[in-house]
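Below is one structure, written out as structure tokens; the observations come after it.
The values are calculated or read from the model by the stated rules, or taken from the named source; none is laboratory data. What you are looking at is a predicted structure, and each value in this text was computed from that prediction instead of being measured. Cβ coordinates were reconstructed from backbone atoms using ideal geometry, including for glycine residues, and neighbour counts include every protein chain displayed.
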């Protein structure tokens, strides 16, 4: 063991040996003192321009080509050049090995912070949280993206750029509705995906026989009218995963179009856990970097000056403006997450009477890391907040709940504040803000008119009176109709079944040609 | 150690370049509009510098299902004085505080920077050279050579070593030419062996050697030569004649307008032809070929005889630019003055000698700054050319007073006239 009381670095400069030393020191603390369990780490040093590149392909190191990424790049580049936007210090990818990108202009202290934050905090969360385990395949994702990129390029070669672009546009429009929200029987294996697509293509080519094209199809079998229940059951309806439904049942899609829908769907699914665990993920990473760096300072491996530099960045990261502050834009997931993790640490280590009432299971047990690791593994934002937000923290943030009913002329009601009567309601409401079930509109395929004009019927169940924006909805439905190639209708109905609005979209010709 | 540190900084950048190009293609109409608009206010020198344009974002957005309205509940931090049950007055606009920035529709336009090439491409994209007939005609005029496979005969300089050796190898393998190692092994064995074995070995070695002689290492039939093919290459050269009246009546402003026009024409031609030459002819009552500096800034005085310039151009074409080989473009700038007696000569020169050999002849009448040309009677030259055009001469003519009109006029003159004129270039 080398002397642990040696300084890791002095000043702001670093080189690759310094990074290695920092990593080793962080790893030692993460493993031995915090008991973290991480994927192997791969740390990549990149320039600002490469960071912008990574931004425009949703942070992934490789991605298929599409104009919308170019648009994001142009937009971000412009705002970066004007200084409207700073760049992140790092990007971390949920893959195995876990890749963290570090910006080259970070100081040595910042690199330490970022390594502790991403390579150990996020990495542990990715590897252990149940949502990520259930929905993502960290071993396969990079290969799958590589496959997706090649496949899309291959399709463009064979079927033309425009046709592929139309399909991708449509798939992207439906991306937020291409997610399975409930775990299925089998877990995702992205490597097998690639082989499957290859086999399918090979089979198609080998089984091609031009004769079949000319066989007369004969009159449609009209006599057997399936009854509605049976039909819905056979189609697997109702179905909220629109992309899945199209991939499996859209009548006139080409096999390559189905494969592209599948690719977009898999990628949407891959990001699904991240949108549900923003607070926890950032909270975990922030808590971990705070613990690791404080410990490094205690061990005398970080100078006081560097530690102060760290504290300043850390404080900026966990800053929570109040609601009437011009900088306010919702809860800062870093601030909320970090505050909750620290609060749990306090409850476990040295609880007050109130905490023992609220959290009998964890209060005073003494094993902080054990409790936290269990929480990190088994919760998402919504359940995490609804179970571990303490009254003390609600008082600390001085939270209050507003209820804005447009029907109420008098104004906005203050429904609950941080007091004895309000704690539980506040906590329930805050948790609900992080519930994906409430964030995304609830839209399902309810039926297909198989006996008639093959119209695809969707329903949006309106919650609390929030209806879809008209212009966007029309455009999305147009894309949907293009894929379905027959009419598509969408009904907005509230919980009692009253229809509030109806949309119909007809397919455009191009889709049929494509 | 499990940690792997990689330095990616030297990796090739601009991974997003292709996505960017796709985006530009998609947004072409919008970007083009923006480019036109921004180029109007620019100087000619900067016009080709690229730069920032702003593009309205609608049409480029990606639709998603979104919701709005309805009952909203929110939990906010930083309560100061509210207690449960308070009713707060609504701000005038609903929302206001407590809403995160919307996903895309918060920006109605967005600005981004185009590179120089992107800018020029977009700026000149929907312009087309008029009358490309000659270009097609001239296609057979020159020939280039191109690699085209292999051949069994040719000059020794063109032997393809790799192809020859690989064929020789295939032949040696197919005919089972003894390998050198086998022979060497036998010869090594020969050095110390019994007498009866020696005779046997000698025979074997001899047999192998004969076989090796019979099957040579490289046979003439193995030899392949690189084959070249001649392909016709289109003539891609153009000459641009700049004719300008430099008599006393032409002010600096007018010359400046003309210069801008010539520069645009040059950039435009340069994009289409590999080789572009410029001939400057200035005239008063005499015409002379001059260099650029003199053309724009050299002092001159005298009367005005347009025919002198036309004659000079005609002479130069005859002596230096064979119309079969050159695409000839001419642009004439003048304030419109010409002596009346000259009209007859000028029109004959134009219709008989010049217009038949040029691809394009543009006449730009430059006016005074803030000049109200539309209230003035048509100038002598304008009347003359208009008469010619009425008789079917392919002349393009425009009047320009202001700097900002140069781009629209230029654009106007070269606008694509129907797709059938385009050749697949």
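Hey, can you tell me all the residues within region A:356-387 that are touching a residue at least 12 places away in the same chain (Cβ under 8 Å) and part of a loop (DSSP other than H, G, I, E, B)?
Result: A:359, A:362, A:363, A:364, A:365, A:366, A:367, A:379, A:380.
Restricting attention to region A:253-293, report how many residues are out of contact with any helix residue (DSSP H, G or I) (no Cβ under 7 Å at 6 or more places or on another chain) and not in a helix (DSSP H, G or I).
Of the residues in that region, 1 qualify.
Which residues, taken from region A:418-449, are within 29 Å of residue A:490 (Cα to Cα) and within 9 Å of another protein chain (Cβ to nearest Cβ)?
Across region A:418-449, the qualifying residues are A:432, A:433, A:440, A:441, A:443.
When you go through B:221, B:215 one by one, which is the residue that is surrounded by 14 or more Cβ atoms within 10 Å (Cβ to Cβ) and more than 39 Å from the chain's Cα centre (by Cα)?
Going through B:221, B:215 in turn, the sole match is B:215.
Results for (1) within 10 Å of another protein chain (Cβ to nearest Cβ); (2) assigned to a loop (DSSP other than H, G, I, E, B); (3) under 30 Å from residue B:80 (Cβ atoms), shown as yes or no for each residue.
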| residue | (1), (2), (3) |
| --- | --- |
| A:416 | yes, no, yes |
| A:451 | no, yes, no |
| A:477 | yes, no, no |
| A:507 | no, yes, no |
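Given the criterion more than 21 Å from the chain's Cα centre (by Cα) and on the phi < 0 side of the Ramachandran plot, identify the matching residue among A:96, A:79.
It is A:79.
Can you tell me which residue among A:194, A:229, A:205 is within 28 Å of the chain's Cα centre (by Cα) and either modelled with pLDDT of 65 or more or assigned to a helix (DSSP H, G or I) (or both)?
On the way: A:229 fails: within 28 Å of the chain's Cα centre (by Cα); A:205 fails: within 28 Å of the chain's Cα centre (by Cα).
Sole residue among the options that is within 28 Å of the chain's Cα centre (by Cα) and either modelled with pLDDT of 65 or more or assigned to a helix (DSSP H, G or I) (or both): A:194.
Conditions (1) more than 9 Å from chain A (Cβ to nearest Cβ); (2) modelled with pLDDT of 80 or more, marked per residue:
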residue: B:40; (1), (2): yes, no
residue: B:47; (1), (2): yes, no
residue: B:53; (1), (2): yes, no
residue: B:60; (1), (2): no, no
residue: B:70; (1), (2): no, yes
residue: B:81; (1), (2): yes, yes
residue: B:85; (1), (2): no, yes
residue: B:88; (1), (2): no, yes
residue: B:98; (1), (2): no, no
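Can you name the condition, by its number, that residue A:456 falls short on among (1) facing chain B (nearest Cβ under 7 Å); (2) farther than 22 Å from residue B:68 by Cβ; (3) in contact with a helix residue (DSSP H, G or I) (Cβ under 6 Å, 6 or more places away or on another chain)?
Unmet condition: (1).
What is the number of the single condition among (1) modelled with pLDDT under 90; (2) surrounded by fewer than 19 Cβ atoms within 10 Å (Cβ to Cβ) that residue A:128 does not meet?
Here residue A:128 meets the rest and fails (1).
For residues that are over 16 Å from residue A:177 (Cβ atoms) and in contact (Cβ under 8 Å) with a residue 40 or more places away in the chain, scanning just region A:464-501, find the one that is farthest from the chain's Cα centre (by Cα).
Going through the qualifying residues, I end up with A:486.
Just to be sure I understand, how many residues within region A:60-82 are touching a residue at least 24 places away in the same chain (Cβ under 8 Å), more than 7 Å from chain B (Cβ to nearest Cβ) and not in a helix (DSSP H, G or I)?
5
Within region A:394-404, how many residues are at the interface with chain B (Cβ under 7 Å from one of its Cβ atoms) and buried (at least 16 other Cβ atoms within 10 Å of the Cβ)?
Looking only at that region, the number is 7.
Please count how many residues of region A:319-338 are part of a loop (DSSP other than H, G, I, E, B) and either within 11 Å of another protein chain (Cβ to nearest Cβ) or touching a helix residue (DSSP H, G or I) at 6+ places or on another chain (Cβ under 8 Å) (or both).
13
Looking only at region A:16-59, count every residue that is more than 11 Å from chain B (Cβ to nearest Cβ) and part of a loop (DSSP other than H, G, I, E, B) and tell me the total.
6
What do you reckon, is residue A:430 at pLDDT 85 or above, in a helix (DSSP H, G or I) and either more than 28 Å from residue A:371 (Cβ to Cβ) or over 23 Å from the mean Cα position of the chain (by Cα) (or both)?
For residue A:430, the condition - at pLDDT 85 or above, in a helix (DSSP H, G or I) and either more than 28 Å from residue A:371 (Cβ to Cβ) or over 23 Å from the mean Cα position of the chain (by Cα) (or both) - is not met.
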